[in-house]
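Taking it in order: structure first as structure tokens, then the write-up.
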Amino acid sequence: MTLCRPKRLAMRITVSLLLILPLLASGCAGGPEGEFPSLAKRPYEDQAPITAPEAIPAPSSLPAALSRQVTALASRTQNANSAFNALLPATRNTAQAARGSAQSSAGWVNAHIALSRLDRTRADGVAALSEMDVLITHQLDAELTGQSPRYSELMKAAQQRMTKIIAGQNNEIERLGQTIGL
């Protein structure tokens with residue numbers, strides 16, 4: 001009895017395919033003989049090709065207001081980095097002293113506190129980078145709608161410097177975290 005079901009299924013599939021194949025094949029057949037599409041040029045093929053619009057060169061400097069914003073954000077990141085670098089040697093010493101310490105021991109707790117303080121010193125720099133990202137996003141929107149020249153390229157240079165600073169801090173915090181066993 002169980003052998004009967006697969007045979008019926010196979011028979012149904014075969015019958016279905018035999019009914020569907022002629023329909024599929026009819027779609028491949030061309031129209032009546034002699035009615036092929038013309039190979040003559042179409043009217044649009046004689047027109048000049050479409051070219052990309054000329055790129056408008058990026059300005060060489062930012063307007064004063066935008067320059068002040070970018071400079072202020074970059075300064076905040078740099079100031080936070082100076083505070084970070086000032087606290088870094090003491091944090092490294094504390095982390096080295098806590099290497100291999102048991103969790104909740106005095107050395108381990110002191111190392112975590114020092115690492116938290118170090119991380120907190122860079123908070124304003126990270127916030128400034130976030131604000132720079134938002135500023136560039138708004139600038140790109142204005143450029144895409146034709147409301148502003150392409151200042152975003154000039155702004156991205158400052159953004160990249162800020163990103164590099166924050167990435168270096170992230171790497172240092174990660175190394176120190178590994179030292180104390182985070």
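Of all residues in the stretch 88-113, how many are within 15 Å of ARG175 (Cβ to Cβ), within 36 Å of the chain's Cα centre (by Cα) and among the aliphatic types (A, V, I, L, M)?
Within the stretch 88-113, residues that are within 15 Å of ARG175 (Cβ to Cβ), within 36 Å of the chain's Cα centre (by Cα) and among the aliphatic types (A, V, I, L, M) number 3.
For GLY168, are the conditions met, namely being assigned to a helix (DSSP H, G or I), surrounded by 13 or more Cβ atoms within 10 Å (Cβ to Cβ) and more than 22 Å from the chain's Cα centre (by Cα)?
Against the criterion (assigned to a helix (DSSP H, G or I), surrounded by 13 or more Cβ atoms within 10 Å (Cβ to Cβ) and more than 22 Å from the chain's Cα centre (by Cα)), GLY168 does not qualify.
If you check ALA157, ALA142, ALA128, which single one turns out to be small (Gly, Ala, Ser), in a helix (DSSP H, G or I) and surrounded by 16 or more Cβ atoms within 10 Å (Cβ to Cβ)?
Numbers: ALA157 fails: surrounded by 16 or more Cβ atoms within 10 Å (Cβ to Cβ); ALA142 fails: surrounded by 16 or more Cβ atoms within 10 Å (Cβ to Cβ).
Exactly one of ALA157, ALA142, ALA128 is small (Gly, Ala, Ser), in a helix (DSSP H, G or I) and surrounded by 16 or more Cβ atoms within 10 Å (Cβ to Cβ), namely ALA128.
Which of the following residues is more than 30 Å from THR71 (Cβ to Cβ) and modelled with pLDDT of 95 or more: ALA90, ALA127?
Values: ALA127 fails: more than 30 Å from THR71 (Cβ to Cβ).
Checking each option against the conditions leaves just ALA90.
With respect to the numbered conditions (1) in a loop (DSSP other than H, G, I, E, B); (2) buried (at least 19 other Cβ atoms within 10 Å of the Cβ); (3) not aliphatic (A, V, I, L, M), which one is the sole condition not fulfilled by SER148?
Result: SER148 passes all but (2).
Are any residues in the stretch 113-142 of a type in the set (S, T, N, Q), more than 28 Å from ALA58 (Cα to Cα) and touching a helix residue (DSSP H, G or I) at 6+ places or on another chain (Cβ under 7 Å), and if so, which ones?
Passing the criteria: only THR121.
I'd like to verify a number: residues in the stretch 55-70 that are free of Cβ contacts under 8 Å to residues at least 60 places away in the same chain and closer than 19 Å to ASP133 by Cβ, how many?
Of the residues in the stretch 55-70, 3 are free of Cβ contacts under 8 Å to residues at least 60 places away in the same chain and closer than 19 Å to ASP133 by Cβ.
Filter the stretch 82-122 for residues that are of a type in the set (A, V, I, L, M, F, W, C) and closer than 30 Å to MET162 by Cβ and give the result.
Selection gives ALA83, PHE84, ALA86, LEU87, LEU88, ALA90, ALA95, ALA111, ILE113, ALA114, LEU115, LEU118.
Can you tell me which residue within the stretch 29-60, out of those that are touching a Phe, Trp or Tyr at 6+ places or on another chain (Cβ under 9 Å) and not hydrophobic (A, V, I, L, M, F, W, C), is modelled with the lowest pLDDT?
Ranking the qualifying residues of the stretch 29-60, first place goes to GLY30.
So, of the residues in the stretch 68-112 that are in contact with a helix residue (DSSP H, G or I) (Cβ under 6 Å, 6 or more places away or on another chain) and not in a helix (DSSP H, G or I), which turns out to be surrounded by the fewest Cβ atoms within 10 Å (Cβ to Cβ)? Lay out the reasoning, then the answer.
So in the stretch 68-112, the residues in contact with a helix residue (DSSP H, G or I) (Cβ under 6 Å, 6 or more places away or on another chain) come out as 70, 73-74, 76-77, 80-81, 83-84, 87, 91, 94-95, 97-99, 101, 107-108, 110-111.
Filter again for not in a helix (DSSP H, G or I), leaving 99, 101.
Numbers: ARG99: 13, SER101: 16.
Per the criteria, the residue is ARG99.
The values are calculated or read from the model by the stated rules, or taken from the named source; none is laboratory data. Predicted, not measured: the structure shown is a model, and the values here were computed from it. For neighbour counting, all protein chains shown are included, and Cβ atoms are generated from backbone atoms with ideal geometry for every residue, glycine included.
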